[in-house]
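The values are calculated or read from the model by the stated rules, or taken from the named source; none is laboratory data. Just so it is clear, the structure is predicted and the values come from calculations on it, not from any experiment. For neighbour counting, all protein chains shown are included, and Cβ atoms are generated from backbone atoms with ideal geometry for every residue, glycine included. Ligands, DNA and RNA are excluded from the accessible area calculation, which covers all protein heavy atoms including side chains. Shrake-Rupley method; radii C 1.70, N 1.55, O 1.52, S 1.80 Å.
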Protein chains: 2
Amino acid sequence: MEQKRKELTPFFYPENIAVVGVSSTNLEFGGASFLAKLKESGFAGGLYPINPKAKEIMGLKAFPDLSSLPLTPELAMVCVPARHVPSVLDECSRIGLRHIHILTSGFKETGTAEGIRLEKEIASIAEEKNLFIMGPNCMGPYCPSSGLTAWGAIPGISGPVGIISQSGGITQRLTEYLCFLGVGVDKAVSTGNSTVLNVLDYLEFMAEDPNIKVIALYLEGLSECHHLLPLARKTSLKKPLVLWKGGSSEAGSATAASHTGSMAGKPELWSSFFRQTCSVPVESMDEWADSVIAFSNLSEPRGNGVFLLGGGGGNSVTGSDTCVREGLTVPSLSEKTMSWLRATVPQAGSIAGNPLDDWRVFGDPVYLGQILDQAYRDPAISMVIIDRLIPRKAFHSFDETDPTPRVIDMIKSRPNRKPTVFTVDSEGGDPELAAKGAKMRGQFGNAGIPAFPSLQRAAKALARLQRYHGRKKT
Amino acid sequence: MEQKRKELTPFFYPENIAVVGVSSTNLEFGGASFLAKLKESGFAGGLYPINPKAKEIMGLKAFPDLSSLPLTPELAMVCVPARHVPSVLDECSRIGLRHIHILTSGFKETGTAEGIRLEKEIASIAEEKNLFIMGPNCMGPYCPSSGLTAWGAIPGISGPVGIISQSGGITQRLTEYLCFLGVGVDKAVSTGNSTVLNVLDYLEFMAEDPNIKVIALYLEGLSECHHLLPLARKTSLKKPLVLWKGGSSEAGSATAASHTGSMAGKPELWSSFFRQTCSVPVESMDEWADSVIAFSNLSEPRGNGVFLLGGGGGNSVTGSDTCVREGLTVPSLSEKTMSWLRATVPQAGSIAGNPLDDWRVFGDPVYLGQILDQAYRDPAISMVIIDRLIPRKAFHSFDETDPTPRVIDMIKSRPNRKPTVFTVDSEGGDPELAAKGAKMRGQFGNAGIPAFPSLQRAAKALARLQRYHGRKKT
């Protein structure tokens, strides 16, 4: 284990990086875009663009080849066309550079004889020269704490999440998604064709990484699938492993072969996998992000009883249905809580109980806090959803003060609270509402309080949280 | 049937409206807010506020009671406290006003003896005097084409949808939701406690209404449930009936009793109901809106085979999974289509096939059109999803011209297209992205082209479209 950590660490904390294959003219793609991003994100170490002809690229001294460098970088990012990759690997080995990320695509994922041959050649060079290779056909490593954010549309923030993914696009999307909702990523790796290092290596590494509290894994397929099960079991008992399995359908599985050249495995195999490990299955980007956000912010719930607090009769009825459908319960409250509610909540136009239908909670954080204290004391309640905190009016009326900061302060003043989340209803095509809803979710997220765009998504995330902790114990 | 249409028509096309119980001081609630909304939305008929003391309210002459009016309005909106409602009904009857909407709550839904007694009194007055009553405890009628938009946060647009709902809040939300996505509502009715007129009456009315092509129904419960089945079967064979059943869980059902005082019925009963009718079941606001949008805009698909067109390998893999999970297929393309694609789509970094992974489609509407023409000709394909049309960059780069109008023109130039929808990926907490995504979905929606915020939601909506048309034939 120690060994593995030493071996993979340079991918995330290199002092110097050589970017091999940087165009001096087309700055938007490949090596040039990586280099630009590294500069922009403030990578503190040395950056060495390799280009056979250029003297300088983006204000950095360029070198014709790796052998001309004044030092041996800890990491090479290889962006040359596929046919040139083998010779670059030979050169890496000659200067003692053993950690290599290959961005280039055009290998076995093409299904062509030439692509397959080239990939075999890479594998054999790596074995002979003892090289650690990420990829090819991938976005490589990401680690904002060391300024290593060569990809992604936005600057990264550090946090408790580790991402391992067989799709670069999906990794970027999740990283960005989480960032805006206040959850940082400590390390991410897009694995590509996994010719040398594969998901197992990264998973073993992140399982031991003390910075990483939650692992998000996007997996299409694996040649050594039988090794995954014991590793996933061990890892998921230590920290939540939220797994999005791509290629669960026949059509998806066929596409996976063209994407990363991997065999996705039969669906039955994967349902057995989930039964035998504590891994948390998800089926879309939204579910993946929502679950990671819940696991990053919320403590273990004692049971699956939810207190649902919001406004509107129909909303309360369908909200209960949704919670139950997702595997939660909406239990009756204790007689003590109910007497308090009956004496407090207005009779007409409201419903005292669980769900609680009382519009006053939305504009009055002190009152909301009093109700929450009742719920936190009630033994039937393990989690709380405050559904549609901000009614329509507050979104549109600019005269009114946004109560969100006061609501957040009120929640934070209750450090021993049961897992508590909000939903912000801002869907439906109104751009102004959408922007305000996203901003509000960000405000909550940055305060460590999950806020979801719908009750269905909130309930799904809480149900996964509760199931994970429940299964871990058995 | 003719009779029913005559009986309910005045609720939606009244020439004059009396609003009974309009405060002259608190203008934000009850009758005053209704009156303000009616003025604002440009109701063309006469508006008569009733207030025992005021001479004028909002610039309108006020009257102390209905008997003092110079004429008999076609509709009364009653907003006085519950205990005064019976005497208002007597007064209505005296002046020959038979169509009455009661906003007031505080009846059987409270569960109190007094509330139950008052509701029985209303029922008996209505029977004796032959009154048509909407409510009580409801938002009443909505009909933008006659300027009757007394509720809702936004001005209404007319369109093919009829809404019948046992929740006022949910009705407003759907109306607003659809409006921003280019789908108008012809008539909506929030039914409340349904003391006199109930869901069956409204459904029978809307089934015959030639302006209404799709009916959206939110139903908690019904005392005459056995009448619903034959009516829903007949209606759903004529036009899609998209039904969100509230109270499907025990907790939700108990809440429904407090909300509208109705019995929600056992879940088994409802699954049998859906089997025996052609109604389209949905389980959340998002599903409800997505389905209504699909039914309002898309023609009948010939089968369930989808062509999935987008960018990114992982996205293509998981996109296939999602379509299959929702009940669609992602079939192989014909040899003719494939040869065309193989000759056209770049080999490295793309996948020629179904799904098609080719980023070029996003920036080049002409190229996208050429690909679509191939799909429309392919016998295996019945529907098309263009997934994540606008990549990240286009959202953030203000220099680039938004290709959406050109994409819309291209789609509209193919009037015989197979059902075609877009997804716009703008979730994830970035307020700017959220606003741009919502705006873009609105642009597509206003052109009659559905655009959904995620593939999962697009696939769900298309699967419902296909299942409905498939079942209608059997």
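Relative to the Cα centre, what is the charge dipole magnitude of region B:126-262, using +1 at the beta carbon of each Lys and Arg, -1 at the beta carbon of each Asp and Glu, and rounding to the nearest 20 debye? List each step's numbers first, then the result.
Working: 9 positive and 11 negative charges, 81 e Å.
Value, rounded to 20: 380 debye.
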Among B:L465, B:F444, B:L433 the positive-end extreme of the charge dipole of region B:421-474 (Cβ point charges):
B:L465
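Sort A:T195, A:T420 from largest to smallest accessible area, using a 1.4 Å probe on the heavy atoms of the protein chains.
On the way: A:T195 35, A:T420 0 Å².
The ranking, largest first, comes out as A:T195, A:T420.
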Charge tally for neighbours of A:L148 with beta carbon under 13 Å away, counting Lys, Arg as +1 and Asp, Glu as -1, is -1
Below 8 Å, C-alpha to C-alpha, sequence gap of six or more: please give me the relative contact order for region A:2-134 in percent.
22 percent
Over the protein assembly as shown, give the accessible area per residue in Å² for a 1.4 Å probe, as an integer.
37 Å²
Please list 3J(HN,Hα) in residue order for region B:447-462, calculated via the Karplus relation 6.51 cos²θ - 1.76 cosθ + 1.60 where θ = phi - 60°; whole Hz, with x for glycine and proline.
8, x, 10, x, 9, 10, x, 8, 5, 4, 6, 4, 5, 4, 5, 5
Got the A:F274 label distances to the other copies yet, label 7 Å along Cα→Cβ, in nm, shortest first?
1.9
Which trypsin sites (Lys or Arg not before Pro) from region A:1-103 combine a DSSP loop assignment with at most 15 other Cβ atoms within 10 Å?
A:K53, A:K55
Total accessible area buried between chains B and A, 1.4 Å probe, in Å² to the nearest 100?
4800 Å²
Rounded to the nearest 10 degrees, what's the angle between the helix B:2-12 long axis and the longest principal axis of chain B, both from Cα atoms, 0 to 90?
90 degrees
Need one value for B:350-357: mean number of C-beta atoms belonging to other chains within 10 Å of its residues' C-beta atoms.
4
Which distances, in nm and shortest first, link the A:C225 label point to the same label point in every other copy, taking 7 Å along Cα→Cβ?
4.4
At R0 = 35 Å, FRET efficiency that the Cβ-Cβ distance of A:S24 and A:N211 yields, to 0.05
0.40
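Checking the a/c ratio against 1.5 first, then a/b against b/c, what shape does the Cα gyration tensor give for the protein assembly as shown? Before the final figure, lay out each step's value.
Working: a/c = 2.28, a/b = 1.88, b/c = 1.21.
In terms of gyration-tensor shape, prolate.
Which number do you get for Rg(Cα) / (2.2 N^0.38 Å) in region A:299-473?
Values: Rg = 15.3 Å, N = 175, 2.2 N^0.38 = 15.7 Å.
Region A:299-473 yields a ratio of 0.98.
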Which whole-number value in Å³ per residue fits the convex hull of the alpha carbons of region A:218-298?
86 Å³
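How much length is gained if the chain between B:K412 and B:K238 is pulled fully straight, taking 0.36 nm per residue apart and subtracting their Cα-Cα distance, in nm to one decimal? Intermediate values should be presented prior to the final figure.
Details: separation 174, 0.36 × 174 = 62.64 nm, distance 2.70 nm.
Full extension of this stretch gives 59.9 nm more.
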Hey, got the average number of other protein chain Cβ atoms within 10 angstrom for residues in A:437-444?
4
Relative to the longest principal Cα axis of chain A, at what angle does helix A:267-276 sit, 0 to 90 degrees, rounded to 10?
70 degrees
Mean residue ellipticity at 222 nm from the helices of chain A, using -39,500 (n - 2.57) per DSSP H segment of n ≥ 4 over the full residue count, to the nearest 500 deg cm²/dmol?
-13500 deg cm²/dmol
Name the shape class, rounded, prolate or oblate, that the alpha-carbon gyration tensor gives for chain B, where a ≥ b ≥ c are the square roots of its eigenvalues, rounded holds for a/c under 1.5, and otherwise prolate holds if a/b is larger than b/c and oblate otherwise.
prolate
Taking amide hydrogens as modeled 1.01 Å from N in the peptide plane, which residues meet the under 5 Å criterion relative to B:T420, leaving out close sequence neighbours?
B:V384
Quick one: Karplus J couplings for region B:298-305, per residue in order, coefficients 6.51, -1.76, 1.60, θ = phi - 60°, nearest Hz, x for Gly and Pro?
10, 7, 5, x, 6, x, 10, x
Set of lysines with alpha-carbon distance to B:K120 below 18 Å, sequence-local pairs under 8 removed
B:K108, B:K129
Positive-pole candidate from B:V292, B:P141, B:N51, dipole of chain B, charges at beta carbon:
B:V292
Taking the label point as lying 7 angstrom from Cα along the Cα-to-Cβ axis, what are the distances from B:S124 to the corresponding position in the remaining copies, in ascending order and in nanometres?
9.8
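Express the carbon and sulfur contribution to the solvent-accessible surface of the protein assembly as shown as a percent, rounded to the nearest whole number, probe 1.4 angstrom.
Details: 18340 of 34770 Å².
Percent of accessible area from carbon and sulfur atoms in the protein assembly as shown: 53.
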Inter-probe distance in nm under a simple model that places probes 7 Å from Cα toward Cβ, at A:D90 and A:E15
3.0 nm
If amide hydrogens are placed 1.01 Å from N in the peptide plane, which non-local residues have theirs closer than 5 Å to the one on B:L75?
B:N16, B:A18
Over region B:2-134, what per residue volume does the convex hull of the Cα atoms give, in whole Å³?
113 Å³
Amide H contacts under 5 Å for B:Y142, restricted to residues at least 5 apart in sequence or on another chain and with H modeled in the peptide plane, are B:A188
Can you give the convex hull volume per residue for the Cα atoms of region B:399-454, as a whole number of Å³?
73 Å³
Have a look at region B:297-323 and report residues whose accessible surface goes down by 40 Å² or more when the remaining protein chains are included, against the chain on its own, probe 1.4 Å, ligands and DNA/RNA excluded.
B:G314, B:V317, B:T318, B:D321
Let me know the number of lysine pairs in region A:152-296 closer than 21 Å at the Cα, not counting same-chain pairs under 8 apart.
11
What list of ³J(HN,Hα) values in whole Hz, one per residue of region B:114-129 in order, does the Karplus curve 6.51 cos²θ - 1.76 cosθ + 1.60 (θ = phi - 60°) give from phi, with Gly and Pro shown as x?
5, x, 5, 4, 4, 5, 4, 5, 4, 4, 6, 4, 4, 5, 4, 9
Does region B:58-199 classify as rounded, prolate or oblate by the C-alpha gyration tensor (a ≥ b ≥ c root eigenvalues; a/c under 1.5 gives rounded; else a/b over b/c gives prolate, otherwise oblate)?
oblate
At 25 °C and 0.890 mPa s, what whole-number value in µm²/s does Stokes-Einstein give for the translational diffusion of region A:294-377, with Rh from the Kirkwood sum over Cα pairs?
181 µm²/s
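Mind checking B:166-172 for the average number of partner chain beta-carbons within 10 Å of each residue's beta-carbon? Write down the numbers at each step before the final one.
Values: counts 3, 7, 3, 11, 6, 1, 2.
Neighbouring Cβ atoms belonging to other protein chains average 5 per residue here.
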Accessible heavy-atom area order of A:I163, A:I95, highest first, probe of 1.4 Å:
A:I95, A:I163
